[in-house]
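The values are calculated or read from the model by the stated rules, or taken from the named source; none is laboratory data. What you see is a predicted model; the values in this text were computed from it and never measured. Reconstructed Cβ throughout: ideal geometry from the backbone, glycine too, with neighbour counts over all protein chains shown.
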Amino acid sequence: MRRFDANGAPDTQPPVPRSPPGRRGDDIAVLESAFAQMADRIGDQWRALTRQDQQRRELITNISHDLRTPLTSLHGYLETLSLKSDTLAETERRRYLSIALAQSTKVGRLAQALFELARLESGGVQAEREPFSLVDLVQDVFQKFELAAQSRGIVLHARIPPRVPVVSADLGMIERVLTNLLDNALRHTPQHGEIEVLLTPQDDRVVVTVSDTGEGIPQARREGLFQRPQRPMSGGAATSGGLGLLIVHRMLVLNGSGIRLVDRDGRGAVFEFALPVAHPAPGETR
């Protein structure tokens, strides 16, 4: 095939070789296949971007809803205190201040969770893995919730078999994971209920199961449970729980793991994740 330059004159470079007559159809088929694969990749990328955009919109909508409730309540009580401070009884004034403080705390928790989620999704956070004892960690996290559980008659129970091996993960992240899951369980467990953490060694990993005797998670709310925040059930107050499950999922992914919801037919919620066993370095004994 003869080539020509920009002015239409014959090019002095060697001509482009023609494909043999028998190969022309094969070349066209290869091009068609390549273009089809390219179109598929572009389509996949477009659908992924569309899903991300939809999840971002849902995230903004849900967070706006979660923030609006405590902010409206906070503004109302502070406005009442400002306008009627001279006529309110001392006990009523203290009650209004207590409610306003509680709503302010909710807003602060939501803001902190949102900041933490944004930091995890920025791509700049890496898991710093180290060997540690899950048994010690579970006991430490339990101490954070003992008083709150006792005040509602909820039993915190840890089922820990003997000789649970040391695991390898980011200690700070896994502490946050357990804290979020136990906080979520405590908020959804009724009085005199039970929350349990079970450690199960399996081959080269330890499976962690967190269960409660609350209302469970309806089937309609399970899709996207770890991809987008969920609004409170049964008209409950806004909390950082929906964002908390997203944070749990992101942190476990950074540690090479994941989390799943175990179906228990409405008899409470059961969450499960696994961490790898820490193998000693050569010449080191565990």
Just for strands (runs of 3 or more DSSP E) wholly inside segment 89-182: which have at least 1 residues that are among the small types (Gly, Ala, Ser)? 155-159, 167-169
Considering segment 179-192 alone, what residues qualify as being free of Cβ contacts under 8 Å to residues at least 60 places away in the same chain and surrounded by fewer than 22 Cβ atoms within 10 Å (Cβ to Cβ)? THR179, LEU186, ARG187, PRO190, GLN191, HIS192
Taking into account only those residues within segment 222-237 that are out of contact with any strand residue (DSSP E or B) (no Cβ under 8 Å at 6 or more places or on another chain) and within 22 Å of GLY193 (Cβ to Cβ), which is modelled with the lowest pLDDT? GLY235
Exactly one of VAL262, VAL207, VAL253 is β-branched (Val, Ile, Thr), surrounded by fewer than 16 Cβ atoms within 10 Å (Cβ to Cβ), modelled with pLDDT under 90 and assigned by TED's automatic domain parsing to the domain that holds SER151, and that one is VAL262
Only one of (1) at pLDDT below 95; (2) assigned to a strand (DSSP E or B); (3) among the hydroxyl-bearing types (Ser, Thr, Tyr) does not apply to THR200, and that is (1)
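This table checks each residue for (1) at pLDDT 95 or above; (2) touching a strand residue (DSSP E or B) at 6+ places or on another chain (Cβ under 8 Å).
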residue: SER98; (1), (2): no, no
residue: ALA102; (1), (2): no, no
residue: GLU116; (1), (2): no, no
residue: LEU137; (1), (2): yes, no
residue: SER151; (1), (2): no, no
residue: LEU178; (1), (2): yes, yes
In segment 110-136, how many are free of Cβ contacts under 8 Å to residues at least 12 places away in the same chain and aliphatic (A, V, I, L, M)? 2
